[in-house]
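Heads up, the thing below is written out as structure tokens.
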Amino acid sequence: MSPRVGIVVIGRNEGERLVRCLGSLPAGLPAVYVDSGSTDGSAAAALGLGAAVVELDLSKPFTAARARNTGLSSLMANHPGVGLVQFVDGDCELDNGWIEAGAAFLAREGRAGGVFGRLRERFPERSLYNRLCDLEWDEAPVGEVRACGGIVMMRAAALSEVGGFREDLIAGEEPELCVRLRERGWGIHRIDAEMALHDAAMTRFGQWWRRAVRAGHAGAEGAWLHGRGRDRHGVRTVASALVWGLGLPVAAVAAAVVTGGWSLLALLLYPLQWARLTARESRRGRKGVAGRYAALLLVSKFAHVTGIGRFLVGRLSHRPPTLIEHKAAQAPQSAVGTPAGGRV
């Protein structure tokens, strides 16, 4: 295992999820846990499991991007020989073979700035939303891709070259970073290897809705920052949301008076689009959930519009954006122990 790999974990009130996460980290690698105002004893648990702990300064607005940059700075200051950085969220558990697989790929591919593998949902059977997250995380093809998520191994030199994550983004910081990396000639890759388990803990529609609102906000901000670039980052997300979540229903209703109600027939495009999406997901081998997935994809357009609206209101009012959270804090365990296979 390469000694040049360091690990940055971020979290807030993850409880038992954080204990599992830290227990999954390979022994012998430097690890930094960045805590963002937890009230469940997460920082103490991380110390007990052998991680260096940095408590984020909450006098500034919290973002995952700022937490990752803070962890990266601490890691590099104390372990300057680290060349590869594995970022992990506190609700994830790394696969036993992932660090070796990711590091080996980056050793072979000199212009690869980051690499990730298969992220799986830990409890897909607990809810439709968990199951759909599991499917969503498998959509990126193996090979060079445009973007990654927050669970990724990155080359420290590439991160340094582009200045790390953009700290004022409340969502979508990973794809935005990837835009800047690719502009500098760094590639982002997915490989065919198991990477981690993720505990989405999403059991209610309201949680899923807030997650989709956050995605709309991220798409709007991404388009604002990079929409004129070569990849038109975020533009497709915004355009699709505005057509399906705003333009079509508003136009159909607004024109109803002058058309004698005939314009409302345009709303039949929704069931037609649902049928098209259902057929597409069935072809992808998702027959058991294809219809429900298609329905949520359509409903998500309205959530995206809400997120776009939140971004525009914040931009026009010059107010800093606030986090859009969908996950409730997990109750901490009564006594922190070291799981089997843990770091200490």
Total charge of the residues flanking S38 in space, meaning their Cβ is under 9 Å from its Cβ, with Lys and Arg +1 and Asp and Glu -1, is -3
Charge tally for neighbours of P320 with beta carbon under 13 Å away, counting Lys, Arg as +1 and Asp, Glu as -1, is +2
Taking only the alpha-carbon atoms of the chain, the convex hull volume per residue, in cubic angstrom, is 147
Once amide hydrogens are built 1.01 Å from N within the peptide plane, the residues lying 5 or more places from V8 or on another chain with amide H under 5 Å from its amide H are V32, Q86, F87, V88
dims of the stretch 231-273, Cα set, principal axes, largest to smallest, nearest Å -> 42, 20, 11
Expressed as a percent, the accessible surface of the chain that is carbon or sulfur, using a 1.4 Å probe and the full set of protein chains, is 57
For 188-198, 252-262, ranked highest to lowest by mean beta-carbon neighbours within 10 Å, the order is 188-198, 252-262
Full extension between R146 and R280 adds, at 0.36 nm per residue less the Cα distance, a length in nm of 46.0 nm
Reported to the nearest 10 Å², W244 has, with a 1.4 Å probe, an accessible area equal to 50
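Treat the stretch 88-186 as a sphere of radius equal to its Kirkwood radius over Cα pairs and apply Stokes-Einstein at 20 °C in a medium of 1.002 mPa s; give the translational diffusion coefficient in µm²/s, rounded to a whole number.
D = 146 µm²/s.
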Counting only protein heavy atoms and leaving out ligands, DNA and RNA, the solvent-accessible surface of T237 at a 1.4 Å probe, in Å² to the nearest 10, equals 60
Measure of exposure for F311: accessible area at 1.4 Å probe, Å² rounded to 10, is 10
Checking rank on 290-300, 21-31, with mean other Cβ inside 10 Å and highest first, the result is 21-31, 290-300
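For the chain, what is the accessible area per residue in Å² when the probe is 1.4 Å?
46
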Any DSSP H helix in the chain with Cα axial reach of 18 Å or more and mean Kyte-Doolittle score of at least -1.0? Listed by number, the hits are 64-78, 205-226, 269-283, 290-317
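The values are calculated or read from the model by the stated rules, or taken from the named source; none is laboratory data. These numbers were taken from a predicted model, which means no experiment stands behind them. Glycine gets a Cβ as well: all are built from the backbone with ideal geometry, and neighbour counts include every protein chain shown. These accessible areas exclude ligands, DNA and RNA; they are computed on the full protein's heavy atoms, side chains included. Shrake-Rupley method; radii C 1.70, N 1.55, O 1.52, S 1.80 Å.
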